[in-house]
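Peer 1: Take a look at the following structure, please.
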């Protein structure tokens, strides 16, 4: 290794460290300003809360044994909605790829379903599946499925065009074209659809909890707002941020593993 | 000479239908490929050269006329035809070895014996040590060679080459022309090469069929009586004369000429 290359690698590492430090620094700075603004009386902590009040709220919730059940409820609903939603979405995309006529016929319906704010279906869901966890999961599923279908189908169609000629020239059946070329070539498209739909599932779950729930982070947020406990609202949002980030990075890690293979 | 005919098109016409337009791609086309011959097809771009290959594989059906390949209908002959595309289309997630075996796999002919034969072909064409690599680790020329081995691996009786070098840089292209002609002649393959490059058509082919602009038919056929490999042929007497003849033949077709 030449000295120049070593120097280059060092520089690269330094820059990486700088970026990480800046990210953490930015968060701490924002928290500090938030805290100070309340302390010096620039804003009213009763309305905007403050980092110390958020931490206190979380600690007292945890002490009362309430925090974990709420987190678990939301996390479980989101995971279920995400897994069911993406599975249904990918399956639907596969079906549509195998039936081009069906794809053409259903295209405008997909577009409308995609444009429709799924929240509007909330009251119907409550009537159909009950005002419980099921309604929340179905909401998350609905929000994530349509995006998944559209993204994954677009990937299938594009790769089908690219690899289709080769596979036809080798005498492949449509099934072989799919399993040996289109599906593996679409792994990156599927992975990026997963990253979008994991975020969508959180939207679905929180909206679902706003509508029906007696527990979960979405419930805590609505409840906190109603009784003017802004500390509770802020604390729930902070936990939500952390959870959503963890799940996103988990999907990103799966994507990184898949991209090594495909 | 009364050589065996491997593939033939007799009075073939083909019209493509699209909303708002109707394209006569091929009209009154007569063409025959003799066994063991390398036939080059050259013509203006978009003249329907690729359409001829599609007709030979049965991927397109003629509106009129008759297509016979390997003594049968094109669709029935498809499993015995090797089609080499413009882009190598190697599957990125498969190793070179697995890419080369793809055709055998699809046909359900992957046995220990056919695998061995395919790997021997890889070695023979200088890709032996790259069998375990991914396509992205190979140069453009090597990738196209791997694509050729993929085509040869299932022992096709007719090779169709659709501008297989057009995506390569000039130097690689010359080298590959030379290699591929060598491989085809040594292996005794029957092949049809479609190209828009006159010198490539002459350097590679035993015979050159010059196509007209759309709707395509054969304007004239030339025998290439120049010995040697594709590279050697380019420097031999007769090459540039033939080039000029074909050039003139193509030029009379250009709009405004």
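Peer 1: Restricting attention to segment A:91-112, does a residue exist that is surrounded by 14 or more Cβ atoms within 10 Å (Cβ to Cβ) and within 12 Å of residue A:204 (Cα to Cα)?
Peer 2: Looking only at segment A:91-112, we keep the residues that are surrounded by 14 or more Cβ atoms within 10 Å (Cβ to Cβ), and these are A:91-97, A:103, A:106, A:110.
Subset that is within 12 Å of residue A:204 (Cα to Cα): none.
So far as segment A:91-112 goes, no, none of its residues is surrounded by 14 or more Cβ atoms within 10 Å (Cβ to Cβ) and within 12 Å of residue A:204 (Cα to Cα).
Yes or no, residue by residue, for (1) in contact with a helix residue (DSSP H, G or I) (Cβ under 6 Å, 6 or more places away or on another chain); (2) closer than 19 Å to residue A:225 by Cα; (3) touching a residue at least 12 places away in the same chain (Cβ under 8 Å); (4) not in a helix (DSSP H, G or I):
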position: A:1; (1), (2), (3), (4): no, no, no, yes
position: A:8; (1), (2), (3), (4): no, no, no, no
position: A:13; (1), (2), (3), (4): no, no, no, no
position: A:24; (1), (2), (3), (4): no, no, no, no
position: A:28; (1), (2), (3), (4): no, no, no, no
position: A:31; (1), (2), (3), (4): yes, no, yes, no
position: A:35; (1), (2), (3), (4): yes, no, yes, no
position: A:42; (1), (2), (3), (4): no, no, no, yes
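Peer 1: What is the number of the single condition among (1) crowded, with 18+ Cβ neighbours inside 10 Å; (2) in contact (Cβ under 8 Å) with a residue 24 or more places away in the chain that residue A:187 does not meet?
Peer 2: Every condition holds for residue A:187 apart from (1).
Peer 1: Looking at A:175, A:167, which is the one that is surrounded by fewer than 16 Cβ atoms within 10 Å (Cβ to Cβ) and either within 14 Å of chain B (Cβ to nearest Cβ) or in contact (Cβ under 8 Å) with a residue 12 or more places away in the chain (or both)? I'd like the intermediate steps shown before the answer.
Peer 2: On the way: A:167 fails: surrounded by fewer than 16 Cβ atoms within 10 Å (Cβ to Cβ).
The match here is A:175.
Peer 1: Which one is nearest to the chain's Cα centre (by Cα) among residues in segment B:1-56 that are free of Cβ contacts under 8 Å to residues at least 24 places away in the same chain and assigned to a strand (DSSP E or B)?
Peer 2: The residue in question is B:16.
Peer 1: Checking the conditions here, which among A:153, A:211, A:157 is under 30 Å from residue A:73 (Cα atoms), assigned to a helix (DSSP H, G or I) and more than 13 Å from chain B (Cβ to nearest Cβ)? Full working, then the answer.
Peer 2: Working: A:153 fails: under 30 Å from residue A:73 (Cα atoms); A:157 fails: under 30 Å from residue A:73 (Cα atoms).
Testing whether each residue is under 30 Å from residue A:73 (Cα atoms), assigned to a helix (DSSP H, G or I) and more than 13 Å from chain B (Cβ to nearest Cβ) leaves just A:211.
Peer 1: Could you go through segment A:126-146 and let me know if any residue there is assigned to a helix (DSSP H, G or I) and touching a strand residue (DSSP E or B) at 6+ places or on another chain (Cβ under 8 Å). Steps first, answer last, please.
Peer 2: Narrowing segment A:126-146 to residues assigned to a helix (DSSP H, G or I): A:126-129, A:133-146.
Subsequent filtering for residues that are touching a strand residue (DSSP E or B) at 6+ places or on another chain (Cβ under 8 Å) retains none.
No, there is no match, as no residue in segment A:126-146 is assigned to a helix (DSSP H, G or I) and touching a strand residue (DSSP E or B) at 6+ places or on another chain (Cβ under 8 Å).
Peer 1: Hey, any hits in segment A:93-100 for a residue that's farther than 17 Å from residue A:189 by Cβ and without any contact (Cβ under 8 Å) to a residue 12 or more places away in the chain?
Peer 2: yes
Peer 1: Suppose the filter is at pLDDT 85 or above, in contact with a helix residue (DSSP H, G or I) (Cβ under 7 Å, 6 or more places away or on another chain) and within 27 Å of residue B:157 (Cβ to Cβ); does residue B:239 pass it? Step through it out loud before you land on a result.
Peer 2: Numbers: at pLDDT 85 or above: yes; in contact with a helix residue (DSSP H, G or I) (Cβ under 7 Å, 6 or more places away or on another chain): yes; within 27 Å of residue B:157 (Cβ to Cβ): no.
So residue B:239 does not fit the description; no.
Peer 1: Can you confirm whether residue B:62 is more than 23 Å from residue B:200 (Cα to Cα), surrounded by fewer than 24 Cβ atoms within 10 Å (Cβ to Cβ) and in contact with a helix residue (DSSP H, G or I) (Cβ under 9 Å, 6 or more places away or on another chain)? Reasoning before the result, please.
Peer 2: Details: more than 23 Å from residue B:200 (Cα to Cα): yes; surrounded by fewer than 24 Cβ atoms within 10 Å (Cβ to Cβ): yes; in contact with a helix residue (DSSP H, G or I) (Cβ under 9 Å, 6 or more places away or on another chain): yes.
In short, yes.
Peer 1: Within segment B:91-112, can one find any residue that is in contact with a strand residue (DSSP E or B) (Cβ under 9 Å, 6 or more places away or on another chain) and within 14 Å of another protein chain (Cβ to nearest Cβ)? It would help to see each step written out before you state the result.
Peer 2: As a first pass, look at segment B:91-112 and keep what is in contact with a strand residue (DSSP E or B) (Cβ under 9 Å, 6 or more places away or on another chain): B:103.
When the remaining residues are screened for being within 14 Å of another protein chain (Cβ to nearest Cβ), the result is B:103.
Yes, segment B:91-112 contains a residue that is in contact with a strand residue (DSSP E or B) (Cβ under 9 Å, 6 or more places away or on another chain) and within 14 Å of another protein chain (Cβ to nearest Cβ).
Peer 1: Run down A:106, A:110 and say which single residue is within 22 Å of the chain's Cα centre (by Cα), farther than 29 Å from residue A:233 by Cβ and in a helix (DSSP H, G or I).
Peer 2: Values: A:106 fails: within 22 Å of the chain's Cα centre (by Cα).
On inspection, the qualifying residue turns out to be A:110.
Peer 1: Tally the residues that are without any contact (Cβ under 8 Å) to a residue 60 or more places away in the chain and within 14 Å of chain A (Cβ to nearest Cβ), restricting the search to segment B:62-71.
Peer 2: Looking only at that region, the number is 0.
Peer 1: Give me the strands (runs of 3 or more DSSP E) completely within segment B:146-257, filtered to those with at least 2 residues that are free of Cβ contacts under 8 Å to residues at least 24 places away in the same chain, ordered by residue number.
Peer 2: On the way: elements: B:158-162, B:191-195, B:207-211, B:218-223.
Where strands (runs of 3 or more DSSP E) fall fully within segment B:146-257 and carry at least 2 residues being free of Cβ contacts under 8 Å to residues at least 24 places away in the same chain, they are B:218-223.
Peer 1: Pick out the one residue from A:183, A:194 that is part of a helix (DSSP H, G or I), more than 8 Å from every other protein chain (Cβ to nearest Cβ) and closer than 30 Å to residue A:236 by Cα. Show your work before the answer.
Peer 2: Values: A:183 fails: closer than 30 Å to residue A:236 by Cα.
Only one candidate passes the filter, namely A:194.
Peer 1: Test residue A:77 against the stated conditions and say whether it is assigned to a helix (DSSP H, G or I) and surrounded by fewer than 18 Cβ atoms within 10 Å (Cβ to Cβ). Quick ask: steps written out before the conclusion?
Peer 2: Numbers: assigned to a helix (DSSP H, G or I): yes; surrounded by fewer than 18 Cβ atoms within 10 Å (Cβ to Cβ): no.
Against the criterion (assigned to a helix (DSSP H, G or I) and surrounded by fewer than 18 Cβ atoms within 10 Å (Cβ to Cβ)), residue A:77 does not qualify.
The values are calculated or read from the model by the stated rules, or taken from the named source; none is laboratory data. Just so we're clear, the structure is a prediction, and the values are computed from it rather than from any experiment. Because the Cβ atoms are built from the backbone with ideal geometry, glycine has one as well, and the counts that use them run over all protein chains shown.
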